[in-house]
Amino acid sequence: MEMSKVKVEIDADLQDLIPQFIENRKKDIESLSALVEKNDLQSIAQMAHKIKGAAAGYGFAELSDLAAQMEVAAKKNDATPLPDLVKKMRIHFLNIEIHYVPM
């Protein structure tokens, strides 16, 4: 599945923090993937909530939205969309193109 780059504009003041943020979210996505395989909905909801807040705080709106969808599904005990949402998160992250802008 070929995707175009996802342009994300980030506050230039956060530039030093973004590499660690990206690394942490990649680890979170792998953890989420494992939790989905185990069908651990409570842990998925907690982790998705954490990702949602962190992503929104750094300006990653689409990632925050995917995490929000995942949190809602997990809280409703609906595992059906979760594998697809993890896949979308992973693809989104692989295609992210960060542009630092003064804000």
- prompt: Under a straight-distance cross-link criterion of Cα-Cα below 20 Å, which lysines are reachable from Lys52, leaving out those fewer than 8 residues away in the same chain?
  reply: Lys7, Lys26, Lys27, Lys75, Lys76, Lys87, Lys88
Taking only Cα atoms of the chain, radius of gyration then Dmax in Å: 13.6, 42
query: Over segment 6-101, what is the relative contact order in whole percent, taking alpha-carbon pairs under 8 Å and six or more residues apart?
result: 43 percent
task: List every residue whose amide H lies under 5 Å from the amide H of Ile96, counting only residues 5 or more places away in sequence or on a different chain, with H placed 1.01 Å from N in the peptide plane.
output: Val6
- request: Compare the peptides 27-38, 81-92 by average per-residue count of other Cβ atoms within 10 angstrom and give them in order, highest first.
  value: 81-92, 27-38
query: What order, most packed first, do the peptides 58-65, 4-11 have when packing is the mean number of other Cβ atoms within 10 Å of each residue?
result: 58-65, 4-11
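Taken together, the values in this text are just the output of simple stated rules run on the coordinates, not laboratory data. Keep in mind it's a predicted model, so treat the numbers as computed, not measured. Virtual Cβ from ideal backbone geometry, glycine too; neighbours counted across all protein chains shown.
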